[in-house]
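The block underneath contains the structure these notes are about, expressed in structure tokens.
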Amino acid sequence: MKDQSKPKTARSYRGALIDDNYVLSLNIKWLGQICLLIAGLVYGYWQIEVRIKTLENEMVNANVEIENLLDKHIAQAEKETLELTEKLAFYEKEFNINPLSWGKKKRGK
């Protein structure tokens with residue numbers, strides 16, 4: 001004869017008795033849903049971690065590229081400044097518009 005005191009539920013796993021009057025049963029559908037939820041959360045967390053690491057690497061590469069471009073720009077600006085200084089010195093020497101110094105050129109020769 002079957003034991004009539006224990007309730008039978010569809011698709012459930014009957015756990016061990018904790019107490020004489022307490023029975024722990026777990027629905028298999030709920031267990032599957034909980035497993036899927038945990039798997040989804042772990043996958044989502046993993047995707048976020050991968051994306052953050054990718055962004056960090058891209059940021060490091062961008063910083064290196066910015067530093068290289070900045071160094072190149074500074075070198076180019078220094079070169080242009082030197083050229084402009086040389087041109088200014090040439091124009092000051094050749095095209096002196098100070099009338100008081102015009103005679104000094106002729107006397108110096």
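What follows is calculated from the coordinates using simple rules that are stated; it is not laboratory data. Computed from a predicted structure; not experimentally measured. Note: ideal-geometry Cβ built from the backbone for every residue, glycine included; neighbour counts use all protein chains shown.
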Inter-site label distance for N61 and A89 at 7 Å from Cα along Cβ, in nm: 4.5 nm
Simple spin-label model, 7 Å along Cα-to-Cβ: L69 to K53 in nm? 2.8 nm
Proximal charge balance of K79 [Cβ under 15 Å; K/R count +1, D/E count -1]: -3
